[in-house]
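The values are calculated or read from the model by the stated rules, or taken from the named source; none is laboratory data. All values reported here derive from a predicted model rather than from experimental measurement. Cβ: placed from backbone, ideal geometry, glycine included. Neighbour counts: every protein chain shown.
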Amino acid sequence: MELIINGETKEVPPNITVEKLLEREEVEMPQYVSVQLNDSFVERELFTDTELKPGDRVDFLYYMGGGSEEELPPEEVERYSRQLILKEVGLKGQLKLRQSSVLIVGAGGLGSPAAFYLAAAGVGKIGLIDYDKVELHNLQRQILYTTQDVGRFKVEAALEKLKELNSDVEIVTYRDKFSADNALDILKDYQFVIDATDGFDSKFLINDACYFAGKPFIHAGILRFEGQTITVIPGVTTCYRCIFPAPPPPGAVPSCAQAGILGILGGIIGTIEAAEAIKYFLGEGDLLLNRLLYFNAKEMHYHAVNTSRSPSCPLCGENPSITELDEENVVCHSAEGETGESS
Ligand SMILES: [Zn+2]
């Protein structure tokens with residue numbers, strides 16, 4: 001009998017099962033192949049029992065590798081259609097995003113929009129770490145949360161919202177503080193890291209941990225009407241300590257709680273962070289490497305400051321004084337009024 005296999009008409013023995021067909025077609029690693037039969041998926045457990053009929057259309061869908069449009073299920077083709085038509089994304093790029101993983105440290109003003117857009121874009125795995133509960137004054141900028149969420153743990157409420165947006169994405173939550181004790185263990189499961197924190201101790205910890213773990217990350221900071229951000233490939237491009245060798249003394253720099261923050265700054269800078277992560281996964285465009293982007297919403301002005309690696313950087317310089325991940329190196333006693341992980 002004849003079947004249409006991946007768009008090609010082929011002669012096969014009558015009543016062949018899906019399992020036998022996979023064997024006959026010498027499909028590599030059949031345990032990782034999804035099979036579509038006339039527009040509907042065949043459950044893997046049914047491969048042995050599903051017999052094919054003459055004229056059936058069978059498509060083998062592989063998780064990896066480029067190829068035909070048919071490798072994405074129809075609902076994903078529709079969901080991502082506006083980015084699939086970009087030549088920088090396409091099917092190959094969409095599959096890359098699905099294989100990608102990002103850790104967002106802090107589920108607040110920066111982490112909310114970053115997580116929303118990465119989930120919307122179909123990034124395969126998003127980790128969120130935050131130990132705070134939602135407070136009423138967070139809602140002015142932390143758009144993952146609604147009034148009903150006040151009092152709930154941020155990661156719990158965030159998980160719900162992101163799953164509602166896109167249930168295909170794996171969301172992993174950590175109700176914990178990102179610390180020298182857990183950082184390297186958590187980082188090993190992710191390809192890219194987004195700094196969405198408020199405190200300087202967390203920012204320096206992310207920089208150091210990503211250096212020792214060899215993970216690219218994007219740093220960001222926001223205050224009042226301003227924001228700044230830079231992407232770091234550890235050991236290759238300017239790191240946060242190349243620019244700022246050590247945390248500022250306590251009280252030297254005001255926190256958002258003291259100085260205030262225009263909520264939308266989290267949206268602007270957080271979405272830039274998400275954009276950098278997506279570009280990194282796609283391997284497209286120019287990342288903010290060796291360029292610290294500065295943005296001022298009040299003057300509506302932005303510019304990038306060119307930076308370079310510092311030979312005297314205590315972390316990635318020629319004679320580093322920081323040779324292992326240690327909380328002591330990032331200590332900056334939080335200014336009064338600063339309570340949580342996320343800005
Ligand atoms: Zn450095």
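Before moving on, here are some points about what is shown:
- So Ala180, is it touching a residue at least 60 places away in the same chain (Cβ under 8 Å) and crowded, with 23+ Cβ neighbours inside 10 Å: no
- Matching option when the condition is closer than 25 Å to Arg141 by Cα and either surrounded by 18 or more Cβ atoms within 10 Å (Cβ to Cβ) or within 16 Å of the ligand (Cβ to nearest atom) (or both), among Gly267, Gly263: Gly267
- Taking the criterion of being under 40 Å from the mean Cα position of the chain (by Cα), modelled with pLDDT of 85 or more and of a type in the set (Lys, Arg), the residues of segment 18-57 that qualify are Lys20, Arg24, Arg57.
- Contacts under 9 angstrom Cβ, first residue in segment 3-17 being under 11 Å from Asp56 (Cα atoms) and at pLDDT 90 or above, partner surrounded by fewer than 14 Cβ atoms within 10 Å (Cβ to Cβ) and among the hydroxyl-bearing types (Ser, Thr, Tyr), 6 or more apart: Leu3/Thr9
- Close pairs from segment 123-138: first within 18 Å of Glu160 (Cβ to Cβ), partner at pLDDT below 95, Cβ under 7 Å, at least 6 apart: Asp130/Glu341; Asp130/Ser342; Tyr131/Glu341; Asp132/Gly340; Asp132/Glu341; Asp132/Ser342
- Residue check, Leu136 surrounded by 24 or more Cβ atoms within 10 Å (Cβ to Cβ), in the same structural domain as Ser167 (by TED's automatic domain parsing) and not β-branched (Val, Ile, Thr): no
- Within segment 222-247, no residue satisfies the criterion of being within 10 Å of the ligand (Cβ to nearest atom), touching a strand residue (DSSP E or B) at 6+ places or on another chain (Cβ under 7 Å) and of a type in the set (D, E, K, R).
- Selection count, segment 142-162, where residues are under 16 Å from the mean Cα position of the chain (by Cα) and exposed (fewer than 14 other Cβ atoms within 10 Å of the Cβ): 0
- Segment 196-217 - residue that is out of contact with any Leu (no Cβ under 6 Å at 6 or more places or on another chain) and away from the ligand (no atom under 15 Å from the Cβ) and, of those, nearest to Ser321 (Cα to Cα): Asp201
- Among residues that are without any contact (Cβ under 8 Å) to a residue 24 or more places away in the chain and assigned by TED's automatic domain parsing to the domain that holds Asp185, Glu324 is not included.
- Inspection of segment 172-185 identifies no residue that is within 16 Å of the ligand (Cβ to nearest atom) and in a helix (DSSP H, G or I).
- Once segment 298-307 is narrowed to residues that are surrounded by 10 or more Cβ atoms within 10 Å (Cβ to Cβ) and within 16 Å of the ligand (Cβ to nearest atom), the residue that is farthest from Gly263 (Cα to Cα) is Thr307.
- Subset of segment 207-247 [outside any loop (DSSP other than H, G, I, E, B), of a type in the set (Lys, Arg) and modelled with pLDDT of 95 or more]: Arg241
- Selection within segment 205-243 - aliphatic (A, V, I, L, M), closer than 19 Å to Ile269 by Cβ and under 17 Å from the mean Cα position of the chain (by Cα): Ile206, Ile218, Ala220, Ile230, Val232
- Residue within segment 265-287 that is farther than 24 Å from Val331 by Cβ, assigned to a strand (DSSP E or B) and among the basic types (Lys, Arg) present: no
- The set of residues from segment 99-133 being of a type outside the set (A, V, I, L, M), surrounded by fewer than 21 Cβ atoms within 10 Å (Cβ to Cβ) and part of a helix (DSSP H, G or I) comprises just one member, Tyr117.
- Hits in segment 310-334 (condition: exposed (fewer than 15 other Cβ atoms within 10 Å of the Cβ) and within 15 Å of the ligand (Cβ to nearest atom)): Pro311, Ser312, Glu318, Asn319, Pro320, Ser321, Thr323
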